[in-house]
Amino acid sequence: MSELALYRKYRPQKFEEMLGQEHITSVLSASIKSGRISHAYLFSGSRGTGKTSMARIFARALGTSEDDIYEMDAASNTGVDDVRALQEAVYTLPYHSKYKVYIIDEVHMMSKSAFNALLKTLEEPPEHVIFILATTDPEKLLETVISRCQHFKFRRPTEKILREAAIAIAKKEGYSLETSSADLIALLGDGSFRDMEGILQKIISSSPDKKISTDEVLAVTGAPNPEIVNRVIKAIEDGDTEKGLSAIGEAYSADADMKAFVKLLVHKVRGAMLLRYAPSLAKDFENEFSETDFAFLKKISASKSGRIGPRVLSRLLSAYEESGRAHLPQIPLEIAVVELSTK
């Protein structure tokens, strides 16, 4: 029997387990208590933020049995015939519950004709039916569909939330994470619980013992070493081209994913820039970094040279876009560092 994926094993089962989405759980909980239930909801947000998990939790909180919860993946059921079959099914009464709940994932992938058919059902659904539409791309939905739903926008979890979740899951699995390991896993999760859990599972599967080090995370994922990233930032700030190029070469030699390397560089430079020009915002994004990195960025932001700013960030963003297309992925960053450290 294959091992159950971590994202399935630790999928939230209650509102309080939906980390970072309190602005949604509080409203849904209140609506259940007051009995003010809408016939259609729209959950939008980037992948891995818990949209379908929230839909299931909400359905169960309404007292809906598993027999009366229906899930449909619009990515593979895009046609009008699929929606017409749904239209016929909604009029049958629930088996054991007050409501029949239809969860339609990636609803934006429906065809135009399917959207029009769905719209008719959303306009006048039976009283026993609740629709929960989930999407990563609400801009592709018809405005008439959105207007008939209560729309909830899911937030990407912060790195602090992902870090704490990674540590908690690892502990439940019998593993311990070094703080720097958890920081790196959270960063690689890129605002997605599912991605973070997938990365953690890969690392656990290859770990020779019960303690996961930063070196293990780097080896398994090809992630950029945060310390080397900091050295590149310091080289730009100091105007030391040779040290900057040397750090990039070290990262490349270690088989780091160079696009991920530049992405982390952009993330940190943005942090340093905000600390320099808007220190009052520090508390708003402090949780996005480890204590060590945040202390480093505060030091960089206070540097007298003042190199780290909008020009550097803009140039690194260009290097990030170019890194995926370059024959040698380190070249766009090397050019950027030469330009930034010599001016």
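The values are calculated or read from the model by the stated rules, or taken from the named source; none is laboratory data. None of these values were measured; they are calculated from a predicted model. All Cβ positions, glycine included, derive from the backbone under ideal geometry; neighbour counts span all protein chains shown.
A247 - would you say it is within 14 Å of A336 (Cβ to Cβ) and either of a type in the set (S, T, N, Q) or not assigned by TED's automatic domain parsing to the domain that holds A166 (or both)?
For A247, the condition - within 14 Å of A336 (Cβ to Cβ) and either of a type in the set (S, T, N, Q) or not assigned by TED's automatic domain parsing to the domain that holds A166 (or both) - is met.
Suppose we keep only residues that are touching a Leu at 6+ places or on another chain (Cβ under 7 Å), assigned to a helix (DSSP H, G or I) and modelled with pLDDT of 90 or more within segment 139-170. Which one would you say is surrounded by the fewest Cβ atoms within 10 Å (Cβ to Cβ)?
The residue in question is I146.
Within segment 228-241, can you find the residues that are of a type in the set (G, A, S) and in a helix (DSSP H, G or I)?
A235
Select from segment 235-260 the residues that are among the hydrophobic types (A, V, I, L, M, F, W, C) and at pLDDT 90 or above and list them in ascending order.
A235, I236, L245, A247, I248, A251
At least 3 residues that are buried (at least 21 other Cβ atoms within 10 Å of the Cβ) and at positive phi in each: list the helices (runs of 4 or more DSSP H) lying fully within segment 242-343 that qualify.
Helices (runs of 4 or more DSSP H) meeting the threshold: none at all.
Please enumerate the residues belonging to segment 308-343 that are in contact (Cβ under 8 Å) with a residue 40 or more places away in the chain and more than 21 Å from G249 (Cβ to Cβ).
Hits for segment 308-343 are I308, L313, L317.
Out of segment 180-226, which residues are more than 21 Å from R155 (Cα to Cα), part of a helix (DSSP H, G or I) and among the hydrophobic types (A, V, I, L, M, F, W, C)? Walk me through how you get there before you give the answer.
Going residue by residue through segment 180-226, those that are more than 21 Å from R155 (Cα to Cα) are 180-181, 200-226.
Filter once more, keeping what is part of a helix (DSSP H, G or I): 180-181, 200-206, 214-221, 226.
Scanning segment 180-226 gives L200, I203, I204, V217, L218, A219, V220.
Do we find a residue being assigned to a helix (DSSP H, G or I) and at pLDDT below 90 anywhere in segment 171-179?
The answer is yes, given that some residue of segment 171-179 is assigned to a helix (DSSP H, G or I) and at pLDDT below 90.
Since I24 meets every condition but one in (1) β-branched (V, I, T); (2) more than 26 Å from E124 (Cβ to Cβ); (3) more than 19 Å from the chain's Cα centre (by Cα), which condition does it not meet?
(3)
I need the full set of residues from segment 172-203 which are within 20 Å of K9 (Cβ to Cβ), surrounded by fewer than 20 Cβ atoms within 10 Å (Cβ to Cβ) and either in contact with a strand residue (DSSP E or B) (Cβ under 7 Å, 6 or more places away or on another chain) or touching a residue at least 24 places away in the same chain (Cβ under 8 Å) (or both), in order please.
Answer for segment 172-203, where residues must be within 20 Å of K9 (Cβ to Cβ), surrounded by fewer than 20 Cβ atoms within 10 Å (Cβ to Cβ) and either in contact with a strand residue (DSSP E or B) (Cβ under 7 Å, 6 or more places away or on another chain) or touching a residue at least 24 places away in the same chain (Cβ under 8 Å) (or both): K172, E173, G174, Y175, S176, R194, D195, G198, Q201.
Residue by residue through segment 318-327, note down the ones that are of a type outside the set (D, E, K, R) and closer than 19 Å to A256 by Cβ.
A319, Y320, S323, G324, A326, H327
Could you check segment 23-59 and list, in sequence order, the residues that are on the phi > 0 side of the Ramachandran plot and touching a residue at least 40 places away in the same chain (Cβ under 8 Å)?
G45, G48, G50
Would you check if A182 is aliphatic (A, V, I, L, M), in the same structural domain as D209 (by TED's automatic domain parsing) and touching a Gly at 6+ places or on another chain (Cβ under 9 Å)?
Taking the combined requirement at face value, the residue does not satisfy it.
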